[in-house]
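Data block below; observations after.
A short reminder: the numbers here are calculations on the coordinates, not readings from a lab. Everything numeric here is computed off the predicted structure, so don't read it as measured data. Glycine also receives a Cβ, built like all others from the backbone with ideal geometry; neighbour counts cover every protein chain displayed.
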Amino acid sequence: MALAMMVKTRVWLGGEVSAQRDMPLIRRLIARVKRGAARRPLLVCTDGLVSSMRAIREPFREPVHTGQGGRPRLRPWRNILIAQVIKRSERRLVDGTPARVETLRRRAQGDGVINTASIERLHATFRARLASLTRRGRALARHTLTLQHGRYLIGTVSHFCTPHARLAHAGRGTTPAMAAGITDHCWTVQELLSCPVPPPRWTPPKQRGRPSHALKRLMARWCGDHG
């Protein structure tokens, strides 16, 4: 299980599950992070997995258009900084200068050193609350989808319903969703589970030839005006 979070607000950015801890797993996770990343200086702290470096660098690139034909050259984002923690004792900078890395680290967590303690605590939360992640337990997850659904339930409850001591402000409990400005109060689990969620936007099926009248009516109803 690979997880990512924003340290300053403790917001869980997403996670992926795989039978192997390999490059495809990290690539899927970083793709989730990129979809929500703003184009500003970004410090990524990771563990000692070697494939993480390449998986982080690859998505954060942009094409350089020169007006010539062919595939444009990809240029890395200039504001991506990478730090690595190996076995909690060795810390090294992969991309970026020490001054810039230290500035971003202080903005995110204040005092301390480069570490992965926050994401490790989040891992512990998932393992404590989701029985199928307990080692040598009886509650096995025989399907990846089952584990994914359980993980998102635990992560959402942690976001909206669980105050974090590190986020406490003015003597009141603060959840990651409150710290990120998503909501203004700590939700109850009942409030969370009863919150109506709209279904994803319907995409018409691809087919050859002209669409039928019935499909046109569906498209007009669910997709707006398609001409």
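How big is the dipole moment of the chain about its Cα centre under a simple scheme where the beta carbon of each Lys and Arg is +1, that of each Asp and Glu is -1, and everything else is neutral? Debye, nearest 20, please. Could you put the intermediate results ahead of the total?
Numbers: 42 positive and 13 negative charges, 139 e Å.
Using Cβ point charges on Lys, Arg, Asp and Glu, the chain gives about 660 debye.
Less than 5 angstrom separates the built amide H of T183 from those of M178, all sequence-distant by 5 or more or on a different chain.
What is the packing order of peptides 175-185, 200-210, 6-16, taking the mean over residues of other C-beta atoms within 10 Å and listing the highest first? Can you show the working numbers first?
Values: 175-185: 16.1, 200-210: 7.8, 6-16: 19.3.
Ranked from most to least packed, the peptides come out as 6-16, 175-185, 200-210.
If I build a Gaussian network model for the chain, linking alpha-carbon pairs within less than 10 angstrom, which residue out of T174, T46, T125 has the largest mean-square fluctuation? Residue with maximal mean-square fluctuation among T174, T46, T125: T125. With springs only between Cα atoms under 10 Å, which of R35, R166, R27 fluctuates most in a Gaussian network model of the chain? Maximum fluctuation in the GNM of the chain, among the listed residues, is at R35. Extent along the principal axes, Cα only, for region 33-77: 40, 23, 15 Å, with the longest axis given first.
For region 151-160, putting each phi into the Karplus relation 6.51 cos²θ - 1.76 cosθ + 1.60 with θ = phi - 60° gives couplings of 5, 5, 5, 5, x, 5, 4, 4, 5, 9 Hz, in residue order, rounded to whole numbers and with x for Gly and Pro.
If the cut-off is 27 Å between C-alpha atoms, which lysines fall inside it for K34, apart from same-chain ones fewer than 8 positions away? Those lysines meeting the cut-off are K8, K87. Of P176, L122, M23, which is farthest along the charge dipole of the chain in the positive direction, counting Lys and Arg as +1 and Asp and Glu as -1 at C-beta? Farthest towards the positive end: M23.
Residues in region 102-119 carry Karplus couplings, in order, of 5, 5, 5, 5, 5, 5, 7, 10, x, 5, x, 10, 4, 7, 10, 5, 5, 6 Hz; the curve used is 6.51 cos²θ - 1.76 cosθ + 1.60 with θ = phi - 60°, and Gly or Pro positions show x.
In which sequence would R61, R105, R151, R78 go, from the one with the fewest C-beta neighbours within 10 Å to the one with the most?
Details: R61 13, R105 20, R151 23, R78 9.
Listed from fewest to most nearby Cβ atoms, that is R78, R61, R105, R151.
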